[in-house]
Amino acid sequence: MLFMKPSKTLRFANLIMLLTLISFIVCASMAYGFDEHLPLMVTVLLHVAQIVLAGAFKFSYVLRLVSQKQLGQELH
């Protein structure tokens, strides 16, 4: 994966960003919206998942920036 073409890496990073964002929103809505209907362990795991998903989102953003730089695109 580290030796993928920058265009493929950019698409991969964008996909991971989208998936982690959607997953984070689902976890947050379940952890805070349905907490009284879920067992405590599930609520705790949802909160842990939020931390892990935030880290994955940040990593994919950095991967996106690296890909954009390799392609000569404007970074933002």
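Laboratory data are not the source of any read-out in this text; all were calculated from the coordinates shown. A quick note: this is a predicted structure, and the numbers were derived from the prediction, not measured. Note that each Cβ is placed from the backbone with ideal geometry, even for glycine, and that neighbours are counted across all protein chains shown.
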Which numbered condition Ile51 fails, given (1) touching a helix residue (DSSP H, G or I) at 6+ places or on another chain (Cβ under 9 Å); (2) over 21 Å from Lys69 (Cβ atoms): (1)
Subset of the range 4-24 [of a type in the set (S, T, N, Q), surrounded by 17 or more Cβ atoms within 10 Å (Cβ to Cβ) and under 9 Å from the mean Cα position of the chain (by Cα)]: Thr20
The range 25-40, residues that are surrounded by 13 or more Cβ atoms within 10 Å (Cβ to Cβ) and either hydrophobic (A, V, I, L, M, F, W, C) or under 30 Å from Met4 (Cα atoms) (or both): Val26, Cys27, Ala28, Met30, Ala31, Leu38
Tabulated pairs, the range 48-76, first outside any helix (DSSP H, G or I), second surrounded by 12 or more Cβ atoms within 10 Å (Cβ to Cβ) and not charged (D, E, K, R), C-beta under 6 angstrom, 6+ apart or interchain: Leu75/Leu65; Leu75/Gln68
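What's the total number of residues in the range 41-70 that are of a type outside the set (D, E, K, R) and loosely packed, with under 13 Cβ neighbours inside 10 Å?
Residues that pass the stated criteria total 6.
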